[in-house]
Amino acid sequence: MSEPNKSIGQAINRVDGLLKVTGAASYATDYVLKNTAHAVIFKSTIAAGKITDIETTEAEKAPGVLAVITHKNAPKLNEKGGIRGGALLQSPTIEWYGQHIGLVVAETFEQARYATRLIKVSYEKAEPKVDFTKHQKEAVLPKGNPDAVRGDVDTAFRNAEFKIEAIYETPIEHHHPMETHSTVAVWEGEKVTLYNGSQIVNGAQAAAASTLGIETEKVRIVTPFIGGGFGSKGGQWANLVLTAIAARAVNRPVKLALTRQQMFNSVGLRQKNHQKIRLAATKDGKLTALAHETSTHCAMSNEFVEPCGDCSKVMYEVPNSLISYRVVPMNIIIPTYTRGPGKSTGSFALESAIDELAYQLKMDPIQFRLKNEPAKDPSNGKPWSSRTTVQCLQEGAKAFGWEKRKIEPRQNQQGEYLIGYGVACGTYPARQQNSSAIVRLTRKGNDVKATIELAASDLGTGTNTIIAQTASDALGLAVNKITVKIGDSTLPPAAGSVGSVGAASFCNAVNDACEKITNELISKSSKQFFVRPTAAHLMVSENLTKFETRADAKAPADAGSYSSHSFNANFAEVWVNSQTGMVKVHRFLAVTGAGKILNPKTARSQIIGGNVWGIGMALTEESVLDPRWGNFVTRSLADYHVPSNLDIGTIDTIFIDEKDTIPNKLGVKGIGEVGIVGVAGAVANAIFNATGKRVRDLPITPDKLL
Amino acid sequence: MRPFKYSSTTNVKAATHLLMANPRAKFLAGGTNILDLMKEDVERPDELVDITRLALALVKPVTEGVNKGGISIGGLGKNTETANHPLIRQNFPLITQAILAGASAQIRNMATNGGNLNQRTRCPYFYEVSMPCNKREPGSGCGALQGINRMHAVFGWSESCVAVHPSDMCVALVALDAVVKVQGSNGQTRSIPFADYHRLPGDTPQKDNNLAHGEMVTSIEIPKNNFANKSYYLKVRDRASYAFALVSVAAAIEMSGNQIKQARVAMGGVAHKPWRAYEAEKFLAGKEATETNFRQAAEMEMKQAKPLEHNKYKIELGTRAIVLALTKAMNGGKAG
Ligand SMILES: Cc1cc2nc3c(=O)[nH]c(=O)nc-3n(C[C@H](O)[C@H](O)[C@H](O)COP(=O)(O)OP(=O)(O)OC[C@H]3O[C@@H](n4cnc5c(N)ncnc54)[C@H](O)[C@@H]3O)c2cc1C
Ligand code: SF4
């Protein structure tokens, strides 16, 4: 996959690795500014109703307290300014349990936290809507999400000989990045700088400015390192702006970091999905009908729908199909984008159903999938720019030893363990979004160096590294001659690290800028070149000490005429304790076709991260609400279980060698999201193969396997 | 966290005196439980008496008294050191296994034996101060009784509290008839049989155990036994590490020929205290060590269980866990 003398495709270490392991990398709260005060948020303890009184005198008198801000004294903010989920202290209305209702600013964090405990709030309670099972029947068609209908699903399903109809449920999940959402705000006159983990730097800037009611240029976002986000730092939340108003109120820099407990009701969640699948096939395994009907909840005043039917739209050739959504507003914090939005949860339903139908047909589930491989995108008739599902399945089957799998469950037992194999596929769209980049070249003697600047963000995935690699190849400079500056809204605007667009958007912009600077240097030169020289050579031959340019990159003009996606196939071997129901994922293999892999090492880490979360989705992760009051009873990482090392044996990754320059010049498709798609399905299918039990509601905890 | 006073001392008497002098003072050992609870505003002591400097960490043979020939572990010994001490590994591998099944390596390195006994329930309603909880605030009601109670008790609960004791170590200790040695502020010591140390909730769920204010756990004695090569600690949980038990079982068997001379079975995750399965033990005495007998014993024990809305699975799981733990004990289950 990698070419000699090229950095792209090499598994180099992270360029910022040393900074990270030595603690020198600065995350939002690491910015130590003189005279910083500390803010702590306090929250509602009811899920619906309004605040009738909020008594703050005692808190105001507590040691160290500088200010207490509530809806009574908060400055007016624009609630439609782009901050997700409200909670901006603009009114006494309560729409979910744990909504922000105020903050205390004090000299120290401890003083501020203590003072929050002295605040007395009186409420007028309303009947909260928090029990999804009870309110599901009230779900209605969401705006902008009409039913997608092809052919006649009902008739095809009714007439089919082989079919399954089942409901698959996924629970509320939380993102829980290691770095909780944190902000440091500093005003200088009318300008504010916000140190804040933001997946979309320019998005955070625009949202903060418009909510505060000031011009965009007056807000600067600084976010060079982010301790994970998984979608929860894509949109921006109230903490960003509340820190700014706190800093203004006390006229000092203010630091605010959410606690882990506060993360459950401050920065969105993945909502509970109830997915009904109807899937039918002919005797020889040709799909005839697929209906994927999702109902779910959203916030009281904000609609959001996770597109669970997306995989069902594109994965299989099926003449009759229906994809639909219904949504009910409830007193739960607004759901938001969460890794593999819609695809990870939706593929669990779809790929379980495929497995169920394959079993009914007595057909190998890989063969069944291959039989229904679509020649073009079934949802819009566009040709694929490339599609690797078949290769992923075939290479994966070989590498995994799929032939050892028994079609009947409970045929593979070792001691008290039942062993099973499962497979499931996934996909995620590939897109390039507008991004700009500046290249600055400098030279001392023969030593040429480059600085690359753009308002990209690095969630910890390796953005800094792949940008350096891209620039290295495009300029003819070693990686260590390149400085990457990202995570600052004063840099050229760029896309976000969201929806798997980051790598394609950033690296193509950087590549364009580097090509452009080379072209400009060539035209500056009076020489004739037979072999295209590098920018590095030209700096020397033209005797320049400084040169710079900027490129504004866009997706290729005809990218939209094709359907472009990353694809994968996931293989799981589980060991289920036949007595206790505890499951270990003994082996996992993800085979991914994601176009050009810029750095196999960081890419592998990305895929493994997605796999682990997918295994968590399958086995352990669930945020449980008390249906009476709307509070989460899983309220720390001791109760909200992500998988531990012991739950997972080995994880292997294979990347399909794929060249597809239709979606973008570099042929990068993106891997952040696809790594989690299909994972839960593979695990659930393996559990069926091991035990003969089909669990359709995640997570598959031991009690469900007794 | 509310402001509090910090005191420290190197002798037991002074420590217990400090506590007696202030009804709102508490001991600070490893701090892995009490500090969390203070940050959550659940525990509100106005003074912490740091006892980590007391010389109460030793694991040593008991040389006098009724438990002579047994082993004593210090009230301030760290969980990790206790688990890995050769005297414990050789004589009571059940304790080693139970300790190592709990928490995480980092927490066990900080946590002490006395703190482990006195750690508080993980009931989420107990932790969330805006929720009703009779244990935290007597008379406020029990949030879990009609709430989310998947993790809660099936034995010995009352309408006022359905919480479980979270410890793993204590399950092994109750199975082995350990004795808790405590010292009060008047200098007097007393011995509390482990099974009487923790309490059932009754209508005073605010009291987890029978330790009086000012009393300190100085050591725990484990009498000599013949279980070392037939014991096993089984912990069933939502993930393989770093999770509290759904159900756990400490099983130990002493054989005489092909008959069970005596069996010990205790359970975690099922009651307000580490639960000794006396019914199962009684049935097994004198029987052959067969799976059928194990199952019958397990079913007899679990017959007395009264599940709540979300924890009915604990009946079947508890039954299976007892059978599996006894089976593994018979196979000489070794410490991890
Ligand atoms: C995330 C997490 C997961 C955990 N998982 C498990 C698990 O799976 N299994 C398990 O068993 N445990 C688990 N634990 C609990 C852990 O074992 C306890 O927190 C620990 O044993 C407490 O010991 P400590 O010394 O830190 O006690 P501290 O926090 O210092 O004290 C706890 C209480 O005991 C009192 N106390 C301490 N020492 C004495 C003494 N000598 N005499 C009288 N009173 C005393 C204190 O006053 C305080 O009230 C977990 C803890 C955490 C934080
Ligand atoms: S079970 Fe006990 S600890 Fe939990 S809410 Fe009820 S009274 Fe409180």
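The values are calculated or read from the model by the stated rules, or taken from the named source; none is laboratory data. Note that this is a predicted model, so its numbers are computed, not measured. All Cβ positions, even for glycine, are placed from backbone atoms using ideal geometry, and neighbour counts span all protein chains on display. For accessibility, only protein heavy atoms count, side chains too; no ligands or nucleic acids. Shrake-Rupley method; radii C 1.70, N 1.55, O 1.52, S 1.80 Å.
Points to keep in mind about this one:
- Here the condition is being part of a loop (DSSP other than H, G, I, E, B) and surrounded by fewer than 21 Cβ atoms within 10 Å (Cβ to Cβ); of A:Glu306, A:Glu217, A:Glu317, it holds for A:Glu317 alone.
- B:Asn79 over 23 Å from A:Pro702 (Cβ atoms) and within 10 Å of ligand 1 (Cβ to nearest atom): yes
- For A:Gly49, the stated conditions do not hold, so it cannot be described as surrounded by fewer than 18 Cβ atoms within 10 Å (Cβ to Cβ), small (Gly, Ala, Ser), in contact (Cβ under 8 Å) with a residue 24 or more places away in the chain and assigned by TED's automatic domain parsing to the domain that holds A:Thr211.
- Scan of segment A:442-472 for residues that are surrounded by fewer than 23 Cβ atoms within 10 Å (Cβ to Cβ) and under 19 Å from A:Ser541 (Cα atoms), ordered by number: A:Thr442, A:Arg443, A:Lys444, A:Gly445, A:Asn446, A:Asp447, A:Lys449
- Filtered by the rule that a residue be of a type in the set (Lys, Arg) and assigned to a strand (DSSP E or B), segment A:24-60 gives A:Lys43, A:Lys50.
- Restricting attention to segment A:111-131 and to residues that are under 22 Å from A:Thr93 (Cβ atoms) and under 32 Å from the mean Cα position of the chain (by Cα), the residue that is farthest from the other protein chains (Cβ to nearest Cβ) turns out to be A:Lys129.
A quick yes/no check of all residues on (1) over 22 Å from B:Leu28 (Cα atoms); (2) open to solvent by 30 Å² or more (accessible area, probe 1.4 Å):
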| position | (1), (2) |
| --- | --- |
| B:Thr82 | no, no |
| B:Asn91 | yes, yes |
| B:Leu94 | yes, no |
| B:Gln97 | yes, no |
| B:Arg108 | no, yes |
| B:Thr112 | no, no |
| B:Asn118 | no, yes |
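- In segment A:606-641, the residues that are within 8 Å of chain B (Cβ to nearest Cβ), under 21 Å from A:Ala349 (Cα atoms) and of a type in the set (A, V, I, L, M): A:Leu619, A:Val624
- Test: residue in segment B:143-159 that is touching a residue at least 40 places away in the same chain (Cβ under 8 Å), in contact with a Cys (Cβ under 8 Å, 6 or more places away or on another chain), more than 12 Å from every other protein chain (Cβ to nearest Cβ) and near ligand 2 (Cβ under 10 Å from one of its atoms): no
- For the criterion of being in contact (Cβ under 8 Å) with a residue 40 or more places away in the chain, within 14 Å of another protein chain (Cβ to nearest Cβ) and surrounded by fewer than 23 Cβ atoms within 10 Å (Cβ to Cβ), B:Ser241 passes.
- Options B:Lys60, B:Lys135, B:Lys78; residue that is surrounded by 23 or more Cβ atoms within 10 Å (Cβ to Cβ), away from chain A (no Cβ under 14 Å) and over 14 Å from the mean Cα position of the chain (by Cα): B:Lys135
- Looking across B:Ser185, B:Ser158, one residue alone is under 29 Å from B:Lys282 (Cβ atoms), more than 19 Å from the chain's Cα centre (by Cα) and either outside the structural domain of B:Leu246 (by TED's automatic domain parsing) or more than 15 Å from ligand 1 (Cβ to nearest atom) (or both). It is B:Ser158.
- Residue that is most open to solvent (accessible area, probe 1.4 Å) [pool: residues in segment B:195-211 that are among the acidic types (Asp, Glu) and within 14 Å of ligand 2 (Cβ to nearest atom)]: B:Asp203
- The set of residues in segment B:247-267 that are in a strand (DSSP E or B) and either open to solvent by 10 Å² or more (accessible area, probe 1.4 Å) or within 16 Å of ligand 2 (Cβ to nearest atom) (or both) comprises B:Glu254, B:Met255, B:Ser256, B:Gln259, B:Lys261, B:Gln262, B:Arg264.
- Members of segment B:193-248 found to be more than 16 Å from ligand 1 (Cβ to nearest atom) and among the basic types (Lys, Arg), listed by number: B:Lys224, B:Lys230
- Residues in segment A:533-566 that are among the hydroxyl-bearing types (Ser, Thr, Tyr) and not in a strand (DSSP E or B): A:Thr534, A:Ser541, A:Thr545, A:Ser561, A:Tyr562.
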